[in-house]
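These notes are about the structure you will find just below.
Since every read-out is calculated from the coordinates, none of them should be taken as a lab result. Fair warning: this is a prediction, and the values are worked out from it, not measured in the lab. Don't worry about glycine lacking a Cβ; one is built from the backbone with ideal geometry, like all the others, and counts go over all protein chains shown.
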Amino acid sequence: MRKSILLPLFNSVKTSIFHLLFPTYCLNCSKETNEELGICSICQNELHFTRFETYNGSTPLDQLFWGRHLVNSTYSLLYFEKNRPGQHLIHQIKYKNNQPLAQHLGSEIGKKLKEIGSFNTVDALIPIPIHSKKRFIRGYNQSTELCKGITVELNTPIDEELLIKTKNTKSQTKNSKEKRFQNVSNSIKIGKREHSYKHIALVDDVITTGATLDTCIEVLKEKFPDIQISIISLAYTKN
Ligand SMILES: [Zn+2]
């Protein structure tokens, strides 16, 4: 009994001392914060959450794939907007080595997916692959880091070998929609390892046009026509 009262107190003292010794700063406004997310509460309020978990009907992300592919379920935690805190988050997890932040955001996604329920039948989380050269330079794949957080909540295994990036395509952000699609086509292949997945979820950091996902889905459906595919992302750029 005594132990159960003292333990939370001990933990909060421990946390306070830790923050005193190692203060953390908001990734967006650089003010000191002890928020676990690495973003102060003021900036967190500015994040544009999609709240797709509260939708009864189709979400804008579901609609993005209408007429393109039959997709099981889709989910994105945030809307991506330029010059808003969400952009800093993406920058941190993509270019600033902030893997703990990616994993933390992954677990936030996982909590929402649990609420939705339709992701419970997913057999494996498939991170959108990046080229081995890019991975070597960056040291990690940000989508895999998101998966690590998701699996804490859902217990779904991560498979990094199902999809392989064979060509090192340059950053796509400045290219037109048509050029982006051409660039990703034929650059993703299926890995050689055997599996018996019925339902997989592709995990991406930011969805803009969905061109990379289109390619992944086409490659997967060609090899495994009956496989069910769901989509999970950290952020979605609303057009
Ligand atoms: Zn802040």
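Over the range 84-131, all Cα pairs binned in 10 Å intervals from 0 give whole-percent P(r) values of 21, 45, 30, 4, listed from short to long.
Applying a DSSP loop filter and a limit of 16 other Cβ atoms within 10 Å to the GluC sites (Glu not before Pro) in the range 28-114 leaves 35, 36, 81. Normalised by 2.2 N^0.38 Å, where N is the number of residues, the alpha-carbon radius of gyration of the range 48-236 equals 0.95. Applying 1/(1 + (r/R0)^6) with r as the Cβ-Cβ distance of residue 44 and residue 121 and R0 = 25 angstrom yields a FRET efficiency of 0.20.
Backbone amide hydrogens, once placed in the peptide plane, bring residue 207 within less than 5 Å of 235, 236, 237, excluding anything fewer than 5 places away on its chain.
Of the residues 200, 158, the one with the fewest other Cβ atoms within 10 Å heads the list, and the complete ranking is 158, 200.
Among 144, 237, a tally of other beta-carbon atoms within 10 Å of each Cβ gives an order, fewest to most, of 237, 144. At a temperature of 20 °C and a viscosity of 1.002 mPa s, determine how fast the range 25-103 diffuses translationally according to Stokes-Einstein, using the Kirkwood radius over alpha-carbon pairs as Rh; express D in µm²/s, rounded to the nearest whole number. D = 150 µm²/s. Residues 136, 119, ranked from the fewest to the most other C-beta atoms within 10 Å, line up as 136, 119.
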